[in-house]
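*Asks:* Once you've had a glance at the structure underneath, I'll fire off some questions.
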Amino acid sequence: MDKTIILSGHAREKMIERGVTFQEIEDVIRYPEIVTPDSYGPGRRKFMRGDITVVVAPGARDPEALVVVTVLWFKQEQWTSEQMRDRK
């Protein structure tokens, strides 16, 4: 996948809060284990790899671009921010 990846302000905040790097986000999008539709907006998808999920939407100005809406961390059947910081 050679699409441009753009981070929303919210996604940047969550990256910092959860200790996720841009390279990890890029890897999840480029080499996902699972991709599913996301119910919060048209064209949105969830890319999952390991314990990281990246929610993306098509770009408004460039439909070929992927806008990262948020970054989630899954551990022990529950998504948390606190566990994200301690994952490494």
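Read-outs throughout are calculated quantities, based only on the coordinates presented, and are distinct from any laboratory measurement. Keep in mind that this is a model prediction, so the values were computed, not measured. Cβ: placed from backbone, ideal geometry, glycine included. Neighbour counts: every protein chain shown.
*Asks:* In region 35-73, what residues are among the aromatic types (Phe, Trp, Tyr) and either assigned to a strand (DSSP E or B) or in contact with a Leu (Cβ under 8 Å, 6 or more places away or on another chain) (or both)?
*Replies:* Those that are among the aromatic types (Phe, Trp, Tyr) and either assigned to a strand (DSSP E or B) or in contact with a Leu (Cβ under 8 Å, 6 or more places away or on another chain) (or both): Phe47, Trp73.
*Asks:* If you don't mind, there's one more thing I want to ask. Can you tell me which condition Pro32 does not meet? The list is (1) touching a strand residue (DSSP E or B) at 6+ places or on another chain (Cβ under 9 Å); (2) part of a helix (DSSP H, G or I), and all the others hold.
*Replies:* (2)
*Asks:* Would you tally the residues in region 17-29 being surrounded by 11 or more Cβ atoms within 10 Å (Cβ to Cβ), of a type outside the set (A, V, I, L, M, F, W, C) and not in a helix (DSSP H, G or I)?
*Replies:* So the count comes out to 1.
*Asks:* Let me ask you something else. If Lys14 passes every condition in (1) in a strand (DSSP E or B); (2) buried (at least 17 other Cβ atoms within 10 Å of the Cβ) but one, which one does it miss?
*Replies:* Failed condition: (1).
*Asks:* Please verify whether region 37-60 includes one or more residues that are touching a residue at least 60 places away in the same chain (Cβ under 8 Å) and either surrounded by 13 or more Cβ atoms within 10 Å (Cβ to Cβ) or not small (Gly, Ala, Ser) (or both).
*Replies:* no
*Asks:* Please list, ordered by first then second residue, the pairs with beta carbon atoms under 9 Å, 6 or more apart or interchain, first in region 18-29 and closer than 14 Å to Met48 by Cα and without any contact (Cβ under 8 Å) to a residue 60 or more places away in the chain, second of a type in the set (Lys, Arg) and part of a loop (DSSP other than H, G, I, E, B).
*Replies:* Within 9 Å, the pairs are Ile29/Lys3.
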